[in-house]
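Peer 1: Here's a structure for you.
The values are calculated or read from the model by the stated rules, or taken from the named source; none is laboratory data. Everything quoted here is computed from the prediction, not taken from an experiment. Quick reminder, even Gly has a Cβ in these numbers, built from the backbone with ideal geometry, and neighbours come from all protein chains shown. Side chains are part of the model used for accessible areas, which takes the heavy atoms of the whole protein and leaves out ligands, DNA and RNA. Shrake-Rupley method; radii C 1.70, N 1.55, O 1.52, S 1.80 Å.
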Amino acid sequence: MNKIEVFCPATVANISCGFDVLGLCLETTGDHMAFYEHSEPGVMILQNEGPMLPTDPYKNVAGIAALSLLKELNSKKGVVIEISKKIKPGSGIGSSAASAAGAAFGVNQLFGAPLSPKQLIPAAMQGEALASGVPHADNVAPALLGGITLIRSYDPLEVLSLHTPKDLFAAVIHPQIELRTADARSVLKSQIPMEKAIRQWGNLGALVAALYTEDYALLGRSLHDEIVEPMRSPLIPGYDEAKQAAMESGALGSGISGSGPSIFALCKGEETAARAGTQMQNVYNRLGVANEVHISPIAKQGTHLIK
Ligand code: HSE
């Protein structure tokens, strides 16, 4: 039987000033998925590791993304998907996006890769919508394309891959509190004051410029979130302290990873990222909150075949 195995990376969405439009791909953490062709149409989900997820494909983000792609490919055949879930759901590092991107990528590969990674984004977004209630693409785009991505427009969908400065590293801490994206979205106000919007789009534009010019100081000055962080940070115990610890370790900037509770710090160089990770970890250890730290370069490659 034709079998393929896929690595589905974790991602950091928003990157402070780019709510729902910016995201980056991590290299050192992600899920594994295996795919087999099935003569019966449809999707069958098997899980062999990690937190239990629904195996009904209509209730599983991987199932929805796979079904959406099978439909797009007009496939008469189906797939069996085996999931080894390493990224905890509700962690803020793109757990649902890894499953959705992995499913779209795996189905495409199994049937001869007729679509490019960029063309897989809409199917992956369908899966993502099941988890968060909204088909946002700021995790699935970097999960599929790697690097740092910008959603210029959702309708029509236009996704850009941005330049990644070569010494850029991320430290991400996951305090083990579950925060569902749908809940973290429910605290957001639908209107924002003009003066905050002005500061936010100034930072977003400058951040993109800083990536291309590899201007780390400008990158640091741009990593601020005037809008979403103040509404969400009260949901994350220890947030202010952990962010301060990362900044005192020399991070360029720090913020909520996606919808939280994970907190990221972007750093110049791996050593600074490791220091920021340790200092954030000390905060949660003091608070008695179990946690996990990831230190990673920005992954050049998104979801990819491992066998
Ligand atoms: N942009 C989304 C949010 C990312 O912040 O709700 C969720 O990981």
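Peer 1: Say the dipole of the chain comes from +1 at the beta carbon of Lys and Arg and -1 at that of Asp and Glu; which of Asn291, Gly102, Ile148 then lies farthest toward its positive end?
Peer 2: Gly102
Peer 1: Continuing with the same structure: Taking a ≥ b ≥ c as the square roots of the Cα gyration tensor eigenvalues, with a/c under 1.5 meaning rounded and otherwise prolate when a/b beats b/c, else oblate, which class fits segment 166-307? Present the calculation step by step, with values, prior to reporting the outcome.
Peer 2: Numbers: a/c = 1.38, a/b = 1.03, b/c = 1.34.
Rounded, because the longest to shortest axis ratio a/c is under 1.5.
Peer 1: Pick from Leu179, Leu287, Leu70: which residue has the top mean-square fluctuation in a GNM of the chain where Cα pairs under 10 Å get a spring?
Peer 2: Result: Leu287 has the largest fluctuation of those listed.
Peer 1: Considering only the other residues whose Cβ falls under 13 Å of the Cβ of Thr29, what net charge follows from Lys and Arg at +1 and Asp and Glu at -1?
Peer 2: Summing Lys/Arg as +1 and Asp/Glu as -1 gives 0.
Peer 1: A further question on this structure: Considering only protein heavy atoms and a probe of 1.4 Å, how much of the accessible area of the chain is carbon and sulfur, as a whole percent?
Peer 2: On the way: 6890 of 12790 Å².
C and S fraction of accessible area: 54 percent.
Peer 1: Leaving ligands, DNA and RNA out of it, work out the accessible area of Arg185 with a 1.4 Å probe and give it in Å² to the nearest 10.
Peer 2: The accessible area comes out at roughly 50 Å².
Peer 1: Report the antiparallel proportion of the DSSP beta bridges in the chain as a percent, rounded to a multiple of 5.
Peer 2: Around 85 percent of the beta bridges assigned by DSSP in the chain are antiparallel ones.
Peer 1: Kindly write out, for segment 16-21 in residue order, the coupling ³J(HN,Hα) from the Karplus curve 6.51 cos²θ - 1.76 cosθ + 1.60 (θ = phi - 60°), rounded to whole Hz, with x marking Gly and Pro.
Peer 2: Computed from phi, the couplings for segment 16-21 are 6, 8, x, 3, 6, 10 Hz.
Peer 1: Right, here's the next one. Provide the net charge surrounding Ile93, with neighbours chosen by a C-beta distance below 12 Å and charges set as Lys +1, Arg +1, Asp -1, Glu -1.
Peer 2: 0
Peer 1: Using a Förster radius of 22 Å, what is the FRET efficiency between Asn285 and Leu235 based on their Cβ-Cβ separation? Nearest 0.05, please.
Peer 2: 0.60
Peer 1: Can you send over the solvent-accessible area of Glu214, 1.4 Å probe, protein chains only, in Å² to the nearest 10?
Peer 2: So the heavy atoms of Glu214 present about 60 Å² to solvent.
Peer 1: Can you give me the relative contact order of segment 84-196 as a percent, contacts being Cα pairs under 8 Å and 6 or more apart? List each step's numbers first, then the result.
Peer 2: Working: 121 pairs, mean separation 29.0, N = 113.
Normalised by residue count, the contact order of segment 84-196 is 26 percent.
Peer 1: Tell me, what is the 1.4 Å probe accessible area of Glu158, in Å² to the nearest 10?
Peer 2: Near enough 70 Å² of accessible area.
Peer 1: Place the peptides 129-141, 258-270 in order of packing, highest mean first, counting for every residue the other Cβ atoms within 10 Å and averaging per peptide.
Peer 2: Highest to lowest by the protection proxy: 258-270, 129-141.
Peer 1: If you average over every viewing direction, what projected area does the convex hull of the Cα atoms of the chain give, in nm²?
Peer 2: 14.8
Peer 1: I want to verify a result. In a Gaussian network model of the chain, Cα cutoff 10 Å, which of these has the top mean-square fluctuation: Gly127, Gly253, Gly23?
Peer 2: Comparing Gly127, Gly253, Gly23 in the GNM, the peak value goes to Gly253.
Peer 1: List, in order, the whole-Hz ³J(HN,Hα) value for each residue of segment 101-108 obtained from phi through the Karplus relation with A = 6.51, B = -1.76, C = 1.60 and θ = phi - 60°; use x for Gly and Pro.
Peer 2: Here the 3J(HN,Hα) series is 5, x, 5, 5, 5, x, 4, 4 Hz.
Peer 1: Now, a different point. Report the calculated FRET efficiency for Glu5 and Glu195 (r = Cβ-Cβ distance, R0 = 41 Å), to the nearest 0.05.
Peer 2: Efficiency at R0 = 41 Å is approximately 0.25.
Peer 1: Of the candidates Ile148, Ile45, Ile81, which one comes out as most mobile in a Gaussian network treatment of the chain with C-alpha springs shorter than 10 Å?
Peer 2: Ile45
Peer 1: How would you rank 164-175, 220-231, 88-99, highest first, on the average number of other Cβ atoms within 10 Å across their residues?
Peer 2: Output ranking for 164-175, 220-231, 88-99: 88-99, 164-175, 220-231.
Peer 1: So what is the relative contact order for segment 168-297, in percent, with contacts set as C-alpha pairs under 8 Å and at least six apart?
Peer 2: It comes to 40 percent, rounded to a whole number.
Peer 1: Moving to a separate point now. With the contact rule set at Cα under 8 Å and sequence spacing of 6 or more, what percent relative contact order holds for the chain?
Peer 2: 24
Peer 1: Between Asp215 and Leu157, what length in nm is gained on full extension when 0.36 nm per residue of separation is reduced by their alpha carbon distance?
Peer 2: Contour length minus Cα-Cα distance gives 18.0 nm.
Peer 1: Related question: Accessible area per residue for the chain in Å², computed with a 1.4 Å probe and the full protein assembly in place, what is it?
Peer 2: With all protein chains present, the chain gives 42 Å² per residue.
Peer 1: Which percentage, to the nearest 5, of the DSSP beta bridges contained in segment 39-162 is antiparallel?
Peer 2: Counting DSSP beta bridges with both partners in segment 39-162, the antiparallel share is about 45 percent.
Peer 1: For helix 270-287, report the angle its Cα long axis makes with the longest principal axis of the Cα atoms of the chain; keep it between 0 and 90° and round to the nearest 10°.
Peer 2: Approximately 80 degrees, to the nearest ten.
Peer 1: Roughly how many whole Å is it from the C-alpha centroid of segment 226-245 to that of segment 120-192?
Peer 2: 19
Peer 1: Return the sequence-ordered ³J(HN,Hα) values of segment 62-78 in whole Hz as given by the Karplus equation 6.51 cos²θ - 1.76 cosθ + 1.60 applied to θ = phi - 60°, using x for Gly and Pro.
Peer 2: 5, x, 5, 5, 5, 4, 4, 6, 4, 5, 4, 8, 6, 6, 8, 9, x
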